[in-house]
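Below is one structure, written out as structure tokens; comments come after it.
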Amino acid sequence: MTDAPGLTAPGPRAWPVLGHAWRLKQDILGAFQSARRDHGDVARLLLGPLPMHLVSSPALAREVLQTRAAAFDRRTRSVALLMDITGESLLTANGAAWIRRRRLAGPAFHPDRIDALVPLFVQAAKAQADAWSAQVKAGEDAVDFGPAMAGLAFRIAAEAFFSSDVEGDVDAMERAMGDVLAHYWKRMSSLSDWPQRLPNASRTRYRDGLARIRGMVDRIVAARAGKRGMDLLERLLAEGGPDGLTSSEQRNEVLTLLMAGHETTANALAWCFELLARHPEAADGVRVEAQRVLGGRLPTAADLPSLPFTRAVFQEALRLYPTIWVLERRAIEAETLGGFHIPKGTSVLVSPFVLHRHPEHWDDPERFDPARFLGDEEHAAYLPFGMGPHTCLGMHFALAEAVAVLAVLLPRFRFAPVEPVPPRPIAGLTLRLPAGTRLRLEALEGP
Ligand code: HEM
């Protein structure tokens, strides 16, 4: 806790009772960006009576997420609602409960372990390419990209984490996940959380969706015998010992890793292809690099470091469309940030979306320019995987998966947008493409 009381942070004019709730519900990304532009790097927003502070300088973001992380925990509204879906897990736990889980799962995500999974990423991408080739030959050349990438990332996550073949579950899982996340966001962006027992269509879909997802998790856990993969399942399911998880804790972790591990990468890849479709020169850059390094063969783990432009394309896509576009923390005690008072128990928000487009930290921030990420320079205002103790566990996994997928798919297809106007991102738990965003495929010669 800091001593100075600090000033009340500035913010947009608020409506009585509602505060800024209506504006936030209409266009939360626009509201965040204008709060930063008009009121500076600490802006006060009101969700009804609840004050929240949006922090938009890299230095203050680091304070909240890293250097003063002990003063800002995750006992927040967003995590409480997420807990309804995943239970207590790596994504929602605090303190000793979180440390225990991170220790258990962490080693399976070490960069060395990820290399062993690259053949799986490559084969899954190749299978996707083969399916698209057949589709194009049959005269169907437009693909709905959100679901396509969700299916690909889900197959990869289930096989890599748990050696589970989920082919028969892909469509049902995506529908269930869509229903669950839609209802989560509805609750999140409402002023009051109406009692969850009252029936309505969204709640019924949420409950059915969650039951379907849990059923699949149970099947994965039940079929654990003889698993290999990254031995993640074995680690999580190890019984006994001081660190052993109970069976309901194990199920929470399996569900969490499936959800965190595919929803994020899928959306990031979908945005990346959308951007490449609108920037054919960057797509050609990926193809030229793939041709130079791979000469027509499929990539291996050893090739990935030699594909810096491909990686830069993905990093730049994550800059413009960071899948996790806002991080929420709670001030455990009254604090000051940047000289402003943060009342005890209130939310502090760090938005990668806002920071990644902050004009003081990026030249021409709205422009798609992968060259920003060539070279070793670190960008202080770049945090698509968060920072500090809760930095994304799956960062190396996601980067390797994305580079492998791009290096397989770009040499096989040219992508073109179907709609002339670039899509507006849909902000929910993750930043999604609008439903039905299609890209047109043109098949090229490839491996
Ligand atoms: C492009 C893909 C991904 C993005 C953009 C992303 C982003 C993030 C961000 C921003 C956080 C920090 C949240 C916070 O500080 O509150 C996070 C945490 C986390 N991510 Fe990812 N993620 C991605 C892929 C993955 C994958 C593939 C996994 C695989 C399991 C994963 C698992 C997790 C977990 C378990 C946490 C919680 C870590 C903790 O609290 O200790 N993520 N992710």
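Rule-based calculations on the coordinates, nothing more; no lab input. Just so we're clear, the structure is a prediction, and the values are computed from it rather than from any experiment. Every residue, glycine among them, receives a Cβ derived from its backbone with ideal geometry; neighbour counts consider all protein chains shown.
Which of the peptides 29-35, 377-383, 345-351, 420-426 is most tightly packed, and how do the rest follow, going by the mean number of other Cβ atoms within 10 Å of each residue?
For the peptides 29-35, 377-383, 345-351, 420-426, the packing ranking is 345-351, 29-35, 377-383, 420-426.
Could you size up the charge dipole of the chain around its Cα centre, putting +1 on the beta carbon of Lys and Arg and -1 on that of Asp and Glu, and report it in debye to the nearest 20? Could you put the intermediate results ahead of the total?
Working: 52 positive and 52 negative charges, 239 e Å.
It works out to roughly 1160 debye.
Rounded to the nearest 500, what is the 222 nm mean residue ellipticity of the chain from helices alone, with -39500 (n - 2.57) per DSSP H run of 4+ residues and division by all residues? Show your work: numbers first, answer last.
Working: 16 runs with 213 residues, N = 447.
It lands at -15000 deg cm²/dmol.
Can you work out the Karplus-derived ³J(HN,Hα) for every residue in segment 406-411? Use 6.51 cos²θ - 1.76 cosθ + 1.60 with θ = phi - 60°, whole Hz, and x for glycine or proline.
5, 5, 8, 7, 5, x
Among rounded, prolate and oblate, which fits segment 42-177 when a ≥ b ≥ c are the square roots of the eigenvalues of its C-alpha gyration tensor, a/c under 1.5 means rounded, and a/b larger than b/c means prolate?
prolate
Show the residues, 5+ positions off or on another chain, whose built amide H is closer than 5 Å to the amide H of Gly48.
Here Gly19, His20, Ala21 satisfy the definition.
May I ask you to compute the full-extension gain from Arg297 to Ser189, defined as 0.36 nm times their residue separation minus their alpha-carbon distance, rounded to one decimal in nm?
Length gained, Arg297 through Ser189: 34.1 nm.
Taking 7 Å along the Cα-to-C-beta vector as the label spot, tell me the Ala127-Trp15 distance in nanometres, rounded to one decimal.
Going from the Ala127 label point to the Trp15 one covers 4.9 nm.
When the Karplus curve 6.51 cos²θ - 1.76 cosθ + 1.60 is applied with θ = phi - 60°, which whole-Hz ³J(HN,Hα) does each residue of segment 46-54 get, with x for Gly and Pro?
Those phi angles translate into 10, 9, x, x, 7, x, 9, 10, 8 Hz.
May I ask you to order 43-50, 309-316, 211-218, 83-90 by the average number of other C-beta atoms within 10 Å around their residues, highest value first?
309-316, 83-90, 43-50, 211-218
Enumerate the amide H contacts of Leu337 below 5 Å, restricted to partners 5 or more residues apart or on another chain; note that Pro and chain-start residues carry no placed amide H.
Ile342
Once you keep just the Cα pairs under 8 angstrom separated by 6 or more residues, what percentage relative contact order results for the chain?
Numbers: 690 pairs, mean separation 114.0, N = 447.
Once divided by the residue count of the chain, the mean separation gives 25 percent.
Which angle from 0 to 90°, rounded to the nearest 10, does the C-alpha axis of helix 145-162 make with the longest principal axis of the chain?
Result, in degrees: 90.
Please report Asp41, Asp364, Asp27 as a ranked list, fewest other C-beta atoms within 10 angstrom at the top and most at the bottom.
By the 10 Å Cβ count, ascending: Asp364, Asp27, Asp41.
What residues have an amide H closer than 5 Å to that of Asp73, excluding those fewer than 5 places away on the same chain, when H is modeled at 1.01 Å from N in the peptide plane?
Arg330, Ile332
Grab the other residues whose beta carbon is less than 13 angstrom from that of Phe340, score K and R as +1, D and E as -1, and report the net.
Summing Lys/Arg as +1 and Asp/Glu as -1 gives -2.
Quick check on the chain: of the DSSP beta bridges with both residues there, what percent are antiparallel, nearest 5%?
On the way: 27 of 32 bridges.
Antiparallel: roughly 85 percent of the beta bridges in the chain.
For the chain, find the longest principal axis of its Cα atoms and tell me its angle to the long axis of helix 280-294, 0 to 90°, nearest 10.
That works out to roughly 60 degrees.
Sort 432-443, 252-263 for me by packing, meaning the mean count of neighbouring Cβ atoms within 10 Å per residue, highest on top.
252-263, 432-443
Have a look at Ser57, Ser163, Ser248 and tell me which one the Gaussian network model of the chain (Cα, springs below 10 Å) gives the largest fluctuation.
Maximum among the listed residues: Ser248.
Count charges around Ala71 for me, please; just the other residues with Cβ under 11 Å from its Cβ, Lys/Arg as +1, Asp/Glu as -1.
With Lys, Arg at +1 and Asp, Glu at -1, the neighbours total 0.
Could you go through segment 337-348 in sequence order and give the Karplus-derived ³J(HN,Hα) for each residue, using 6.51 cos²θ - 1.76 cosθ + 1.60 with θ = phi - 60°, rounded to whole Hz, and x for Gly and Pro?
With coefficients 6.51, -1.76 and 1.60, one gets 9, x, x, 9, 6, 10, x, 3, x, 9, 7, 10 Hz.
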